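J.: Next up is a structure, given as structure tokens.
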Amino acid sequence: MWYNNIMDRNLVDMLGYGVDTFSFEDAVEYIMSHHGQIVTINPEMIEYANKNSDLKKVINNAEMVVPDGIGVQIGLKILGHNVKRVPGVDLGKELLKRANYQKKSVAFIGAKPEVVKKAVNNIKSELADLNVVYSHDGYFENNLEIFNELKSCSPDLVLVALGSPKQEFFISELKSLLPDSVMIGLGGSFDVWAGAVKRAPVIYQKLGLEWLYRTITEPKRFKRIFPALPIFALKVFKERLLNK
Ligand code: UDP
């Protein structure tokens, strides 16, 4: 298996996917001195990629893959790696803080028009000097138009919240046009920043039960998440047994 920048990273293999085992703080430091695609991986994405080799390639060609959720954290633990999760929504926010501090330019792509607008406004009211050079909702027909607009403003940090796997494919195509930028797929984070979706209370986050809260508050997620989780868990146990 070939992973990107392997010498420089802190990678372990999980079911054929390279996952970086940085702490949250080290992940931020690493990103600040690198560029490329960051994938926030979870069991659903892995199960999808197992059936879609293009997505698997995109993940394994990314410059960084962080364990977004508790599912991947537990999977890594079963395989003998003690790693804390790096939630995309928190990582995205920290990168925005750094961009604000270092006067780097930022682009937001994704979510419904009113959601991305509200998310950008809320972030700007918190990070007054943030240089937002581009924002666009996530419901467009033509990637090329957005790519051209992004290329012309050449942001240092590109946040893409189109859901998976759309955002992963979008970023992997964009990579060659913005070779010096950091690009991260952030799922439903703009909805959280806009206040359209509530983040789970801290106690759920601490107990690693954010998925449970989100499933209770958005029952339609259950159908999406549920089949992937037991299959993922079985595969992880199988891999552990085989590697003993
Ligand atoms: N979305 C989008 N364009 C699309 C489909 C989805 O911008 O064509 C947005 C959607 O509005 C939401 C996000 O992508 O803001 C996906 O959120 P979800 O919670 O489904 O993603 P997850 O975090 O589970 O990957």
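The values are calculated or read from the model by the stated rules, or taken from the named source; none is laboratory data. No experiment lies behind these values; they were computed from the predicted model shown. We place every Cβ from the backbone using ideal geometry, glycine too, and count neighbours over all the protein chains shown.
J.: Would you point out which residue out of Lys151, Lys104 is under 18 Å from His34 (Cα atoms), of a type in the set (D, E, K, R) and more than 12 Å from the ligand (Cβ to nearest atom)? Spell out how you get there, then give the answer.
T.: Working: Lys151 fails: under 18 Å from His34 (Cα atoms).
Only one candidate passes the filter, namely Lys104.
J.: I would also like to ask the following. Being within 24 Å of Ser33 (Cβ to Cβ), surrounded by 13 or more Cβ atoms within 10 Å (Cβ to Cβ), more than 8 Å from the ligand (Cβ to nearest atom) and among the acidic types (Asp, Glu) narrows it down to one residue among Asp180, Asp156; which is it? If you could, list the steps in order and put the result at the bottom.
T.: Working: Asp180 fails: surrounded by 13 or more Cβ atoms within 10 Å (Cβ to Cβ).
One residue alone meets the criteria, Asp156.
J.: While we're here: How many residues are among the polar types (S, T, N, Q) and touching a residue at least 12 places away in the same chain (Cβ under 8 Å) if we restrict to the stretch 103-143?
T.: Taking the stretch 103-143 as the starting set, the residues that turn out to be among the polar types (S, T, N, Q) are 105, 121-122, 125, 131, 135, 142-143.
Among the residues that remain, those that are also touching a residue at least 12 places away in the same chain (Cβ under 8 Å) are: 105, 122, 131, 135, 143.
Residues in the stretch 103-143 being among the polar types (S, T, N, Q) and touching a residue at least 12 places away in the same chain (Cβ under 8 Å): 5 in total.
J.: Ok, one more. Every residue in the stretch 85-96 that is surrounded by fewer than 22 Cβ atoms within 10 Å (Cβ to Cβ) and hydrophobic (A, V, I, L, M, F, W, C), please.
T.: Val89
J.: Still on this model: Return the residue satisfying two criteria in turn: it lies in the stretch 101-123 and is among the charged types (D, E, K, R) and either within 19 Å of the chain's Cα centre (by Cα) or not in a loop (DSSP other than H, G, I, E, B) (or both), and of such residues it is surrounded by the most Cβ atoms within 10 Å (Cβ to Cβ). Don't jump to the end; show me each part of the working.
T.: Start the filter on the stretch 101-123 by keeping residues that are among the charged types (D, E, K, R), which leaves 103-104, 112, 114, 117-118.
After this cut, where a residue has to be either within 19 Å of the chain's Cα centre (by Cα) or not in a loop (DSSP other than H, G, I, E, B) (or both) as well, the list is 112, 114, 117-118.
Details: Lys112: 15, Glu114: 11, Lys117: 16, Lys118: 18.
Here the residue is Lys118.
J.: Please work out which one of (1) closer than 18 Å to Ile38 by Cα; (2) among the hydrophobic types (A, V, I, L, M, F, W, C); (3) within 14 Å of the ligand (Cβ to nearest atom) is the condition Val116 fails and give its number.
T.: (1)
J.: If you scan the stretch 45-84, which residues turn out to be of a type outside the set (A, V, I, L, M, F, W, C) and buried (at least 22 other Cβ atoms within 10 Å of the Cβ)?
T.: So in the stretch 45-84, the residues of a type outside the set (A, V, I, L, M, F, W, C) come out as 47-48, 50-54, 56-57, 60-61, 63, 67-69, 71, 73, 75, 77, 80-82, 84.
Matches in the stretch 45-84: Pro67, Asp68, Gly69, Gly71, Gly75.
J.: Taking the criterion of being under 19 Å from Leu229 (Cα atoms), within 14 Å of the ligand (Cβ to nearest atom) and surrounded by fewer than 20 Cβ atoms within 10 Å (Cβ to Cβ), would at least one residue in the stretch 7-29 satisfy it?
T.: no
J.: So, one more: Any residue in the stretch 144-165 that is more than 21 Å from Val65 (Cβ to Cβ) and free of Cβ contacts under 8 Å to residues at least 40 places away in the same chain sitting within a Cβ distance under 7 Å of a residue that is among the hydroxyl-bearing types (Ser, Thr, Tyr) and within 16 Å of the ligand (Cβ to nearest atom)? List the pairs, counting only those 6 or more apart or interchain.
T.: Every condition considered, the pairs that remain are Glu149/Tyr134.
J.: Name the one entry in Gly185, Gly195, Gly163 that is in contact with an Asp or Glu (Cβ under 7 Å, 6 or more places away or on another chain) and under 17 Å from Lys112 (Cα atoms).
T.: Numbers: Gly195 fails: in contact with an Asp or Glu (Cβ under 7 Å, 6 or more places away or on another chain); Gly163 fails: in contact with an Asp or Glu (Cβ under 7 Å, 6 or more places away or on another chain).
Only one candidate passes the filter, namely Gly185.
J.: May I pose another question? Looking only at residues in the stretch 37-79 that are farther than 14 Å from Pro165 by Cα, small (Gly, Ala, Ser) and touching a helix residue (DSSP H, G or I) at 6+ places or on another chain (Cβ under 6 Å), which one is modelled with the highest pLDDT?
T.: Gly75
J.: Out of all the residues in the stretch 128-147, which are within 18 Å of Leu178 (Cβ to Cβ) and more than 10 Å from the ligand (Cβ to nearest atom)?
T.: Asn131, Val132, Val133, Tyr134, Ser135, Asn142, Asn143, Leu144, Glu145, Ile146, Phe147
J.: Let me confirm something: among Ala194, Ala200, Ala161, which residue is surrounded by 17 or more Cβ atoms within 10 Å (Cβ to Cβ), of a type in the set (A, V, I, L, M, F, W, C) and more than 19 Å from Val86 (Cα to Cα)? Can you show your working first?
T.: Values: Ala200 fails: more than 19 Å from Val86 (Cα to Cα); Ala161 fails: more than 19 Å from Val86 (Cα to Cα).
Just one listed residue meets the conditions, Ala194.
J.: Here is a further query. Filter the stretch 192-212 down to residues that are away from the ligand (no atom under 13 Å from the Cβ) and in a helix (DSSP H, G or I) and give me whichever is nearest to Gly163 (Cα to Cα).
T.: Applying the filter and picking the extreme gives Leu212.
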